[in-house]
Every structure is written in structure tokens, then in C-alpha cells.
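K.L.:
Questions regarding the structure given below will be posed in turn.
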Amino acid sequence: MRRIITLVLASAIAIPLAGFATSAQAAPRADHVFMHIDTRTVIDVGATGSSVGDLTITHGTLADSLQGEKIGSWTARVVVVVPGTTKERRDTLVHFILPGGVLMTRGIYSSPTAKPPTRPVRMAIIGGTGDYFGSRGQVVLTPLGDGNLRLDMDYVPTDGTTPFATDRVRRVVSDIITGDVAENAKISVTAQTLRGFLRVEGKRYPFTCGQTSGDPEGIGVPIIDSWICKYSLPGGSILTTSQTSTPAGTREQSGFTQAIIGGTGEYAGSVGQTSIPAADWTTNGTLTVTGAISGGTYATTRQGPSDRQRTGRWVADLGTGGLGQIVVSSATITAGDSPSMGYTVAAGVSADRRITQFVFRISDIPGLRGSLYGTALFSTASGQAPNTPYLVLVNGGTGPWRGASGILRVVPTSADGATINVKMLVAAAG
């Protein structure tokens, strides 16, 4: 039974989306698949040996049985958030291409240093397309030896279930780790990890937060900070993400808000948001968690034309022929809503494929001010913006976009990808 700490109710309105299967309309989805590792590249950045920000890029094939024929492929981007001589904790983002669509998962877990996991790990389902559109829940990744793994999917029912929230809980930071990731003439990138515990119901539960910060050269140029956190709670964990863009040398003055993009255990399928006073972010503070279990009903909003004009783009090459390239970009969409977009720690299985995180800030539309977070896998020339259409999986949001899930279809409208047209937005209503 799902734990209820404090009940919060979220409503939703169903509006079908032509061209994509909604979770209520979807064909039967896979319950498990078998994974094989084809290539795995460990990129040692910063200090020699295991250190914050080290990257691993893994690519492989999928089959419906251990010895079966190939039915799809998968790509993983792994970033070390807590280094160690024998074990390290990693932020792992995996993109699965399946016969019926795309499924994306993410999690933070411990594994032998610079090696694949040796025991089962759980990750949150953070979105999908096609048969997997709107999917939420968790997966269990079980190593089988010889480069093989089994992926078991556990979906949250599409009719939704009991939402949850916490009262304010005490958050204590016990450890801060900082390291340099990359630097060139235009950009420096650093990584930082916060570890500590939450005091919940008289007990202590651990949390881990990893940050990647892009600091472009120049006075007044925004610093783009990207965070991923795993908070353990009674009966499971939640996964949160955020991104801030602040003028060089300044801090965000308001409360720090993160989008809940998934969970495990009793919190599998969780969406919502967390908040903590900005002044307490890297020390101790009070964390408030509000969330709702994702259901199968979505609102569809058509956005267009929404042209993006790039305001800055910086590339740091880790010296591996384009593999593991770090790209930080900011932009403004000139359709009256003025969101910004950031590419952060873009890492592909080759120089022309990359997993990328996005944030869209809506600041100029009354009643809709907030942020949307998304992830995409696309192909592009090494170090360049994509110049062909691609889909961004919406993983979550803040403010009125809290619990957002769905797809953004992005169409570049210039040869170099400097301008785009956001054709469609699909988000959970509530």
C-alpha cells in the first residue's frame, strides 16, 4: 500500500492527442526486456581516478529473451556524483528505443567504481513516447553476467492512485564534494555533490544531490546550474531535478524549487515538486515535498509558432573525439512567453548522438509562470545544435506545470538550429 504522509488531491482533464498514443490508449507495453552491453566508455575527467563528474557512456541492444533477436537499442549517460575507491554513486539516465516507442528512466544508485552494476538497482520511469507515452512507475535492472541485464518494468496504473505529500521535514547537509569537470577558452564546468539526511517521523533517511554548473566566460553571462537529487523517504525514494540561470557571481534570491520526476518503492510514479529556502540550499534547511501520482489523463496545448533565438552556446570537449562533449546553451523563445532553454552535460554514444536535458521557463504568461523539464536523445553533428526535428520527453515541472508529463515536438527552422519552432506541448492537467 502506498504510504500517505499528508493527502493532497490533483485533478486532471482528458483531451486526446492525435498522432501519439496516450497511456489510456496505448497498446500493451513490455513488462520486461533483456539488455546487452555493446560499448562502454569511461571518461575520467577532473582528478585522476574516481571523481565527481566522471562520465560513462554505454550503448547496447534489446531483446525479448536472453538469446533472442534484437528488438531495439538503449543508451545510458552516467555521471559520478559520489566518488570512491571501490564503490561510487552515479546519476544514471537511460533511453530505451523499443518496438512500440521510447521509454526513459533515471536514478541515482551505488555501483562498483568504473564498472557496471553487480546487483539489482531501481530507477524511476520518467516518460515515454508511442505505447509508452505518459508512462510512470519504476524499473528494476538486474545484472545477469557476460554483459547482459534484465529490465523489469513496473507501471503505475493509468487511472492514477493516492497522491501524497510531506509536511515540512528537516534537511541536514553532512558532506559537500566539489570538482572541476572541464574548461576551455569559453566555458568552465564544475560538479558538486551534497549528501546528508532528512529527519522524517523521528528517523533519518539519506539524500544525495548532484550539480553540474556551466560558467561561461564574461561579466553578466548567466551561470547555468543543473541539479538532480534522490531523497529517501519511508518506503521508497523520490527523484527531483531543477535548473537555475543566474547572473555571474550572484545567487538565486527566492526559494529553491525542484520538480519531482519519479520515484521508487511506494513512491513509484510520483510527480510534483519540492521546495527549500535558497539561503539553506547548500547547508541545512526545511524541505517541503508535494506530489501526485501520475494518472492517464492529459491536456493538450498547441504552441506555435514559437521561435527560439539563441543567446549563448558554449562547448567544452573532454578530449575523446566528441564523445562526452559538454554543451551549455541558453536561449529565448520570442512568442510572448520568453522561456529559456539549457543544454547541460550533453553526452552521446558517439560524436553525433547525445542525451540532453532541457528546461523551459515560462515567465511572461500570467497564471502559467513556472518551468518544464525534459530530456531528449537526438543525432547531430559533433558540437552542433540539431537541425532536424526531434522530441523532448517532458519529465516534470514546477508551479502550474507541477506533474507535467508528455512530449514537446521541436522543429529547427534554420540550417544551424539557432532557431526552433515548438510545435506541440502535452502536459498533465491539475
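The values are calculated or read from the model by the stated rules, or taken from the named source; none is laboratory data. Bear in mind that the values here come from a model prediction, so they are computed numbers and not experimental data. All accessible areas refer to the heavy atoms of the entire protein, side chains included, with ligands and DNA or RNA removed. Shrake-Rupley method; radii C 1.70, N 1.55, O 1.52, S 1.80 Å.
K.L.:
Could you report region 29-183's accessible area per residue, 1.4 Å probe, as an integer in Å²? All intermediate terms of the calculation are to be shown ahead of the outcome.
P.N.:
On the way: 6190 Å² over 155 residues.
In whole numbers, region 29-183 has 40 Å² accessible per residue.
K.L.:
How large is the direction-averaged shadow of the alpha-carbon convex hull of region 29-183, in nm²? Display every interim value, and only then the final one.
P.N.:
Values: hull surface 45.5 nm².
The Cα convex hull of region 29-183, projected and averaged over all directions, gives 11.4 nm².
K.L.:
Just to verify a number: what accessible area does residue 190 come out at with the full protein assembly present, 1.4 Å probe, Å² rounded to tens?
P.N.:
40 Å²
K.L.:
Continuing with this model, one more query. If I compute solvent accessible area with a 1.4 Å probe over the protein chains, what percent of it on region 29-183 is carbon and sulfur?
P.N.:
Details: 2920 of 6190 Å².
For region 29-183, the apolar C and S fraction of the accessible surface comes to 47 percent.
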